[in-house]
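Structure, as structure tokens:
Values in this text are rule-based calculations from the coordinates and carry no lab data. From a predicted model like this one, the values you see are computed outputs, not experimental measurements. Cβ coordinates were reconstructed from backbone atoms using ideal geometry, including for glycine residues, and neighbour counts include every protein chain displayed.
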Amino acid sequence: MSAQSQLLEARRLAQLLLSATELSKEIFAEIAREVGVPVQVARALCLIEGPTSMSELASKFTCDKSYITPLADQMEEMGLLERVPGVDRRKKLLELTPLGLTAQTQLEAQIALRSPVMVSLTPTERETLEQLLAKLS
């Protein structure tokens, strides 16, 4: 394969990946609006599994821990989570409230119904995509 054809292939694949990502982001933002939460809150709702430390959430968000504090404050003000004592009483954990769990369930159900990956690909294709993305990551 020539350098020119490799460049064209790389460009084509990058454009397809970006296009698929943008479509997924648009659909996710639409779902978040319908559930009545900002996109970043929706992302956090999808990432919190049981009591979660702010460090764990920052790691899942791939962001600095300082970003999580105002996000947690916002979610607490919205009634979506509460800070609870951890095993080490000096550390607080983020735990979804019943309202937060309901919003999480709504988000996840809509994502499963409307995500381009879930809608457009067969289970076998999704498994292959997962393997390919894991390999790239």
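For the stretch 96-112, name all the residues that are under 14 Å from the mean Cα position of the chain (by Cα) and without any contact (Cβ under 8 Å) to a residue 40 or more places away in the chain.
105, 109, 112
What is the residue count in the stretch 31-55 for residues that are free of Cβ contacts under 8 Å to residues at least 40 places away in the same chain, assigned to a helix (DSSP H, G or I) and either of a type in the set (A, V, I, L, M) or loosely packed, with under 14 Cβ neighbours inside 10 Å (or both)?
From the stretch 31-55, those free of Cβ contacts under 8 Å to residues at least 40 places away in the same chain are 33, 38-41, 43-44, 47, 49, 55; that's our starting set.
Right, trim to assigned to a helix (DSSP H, G or I) and you get 33, 39-41, 43-44, 47, 55.
Adding the requirement that they be either of a type in the set (A, V, I, L, M) or loosely packed, with under 14 Cβ neighbours inside 10 Å (or both) leaves 33, 39, 41, 44, 47, 55.
So the count comes out to 6.
Tell me, which helices (runs of 4 or more DSSP H) wholly within the stretch 65-137 include 2 or more residues that are of a type in the set (D, E, K, R)?
On the way: elements: 65-77, 98-114, 116-120, 123-136.
In the stretch 65-137, the matching helices (runs of 4 or more DSSP H) lie at 65-77, 98-114, 123-136.
Among the residues of the stretch 64-117 satisfying the criterion of being surrounded by 17 or more Cβ atoms within 10 Å (Cβ to Cβ) and β-branched (Val, Ile, Thr), which is farthest from residue 28 (Cα to Cα)?
68
Do the conditions hold for residue 58, that is, is it buried (at least 16 other Cβ atoms within 10 Å of the Cβ), out of contact with any Leu (no Cβ under 8 Å at 6 or more places or on another chain) and assigned to a helix (DSSP H, G or I)? First the steps, then the outcome.
Details: buried (at least 16 other Cβ atoms within 10 Å of the Cβ): yes; out of contact with any Leu (no Cβ under 8 Å at 6 or more places or on another chain): yes; assigned to a helix (DSSP H, G or I): yes.
So residue 58 fits the description; yes.
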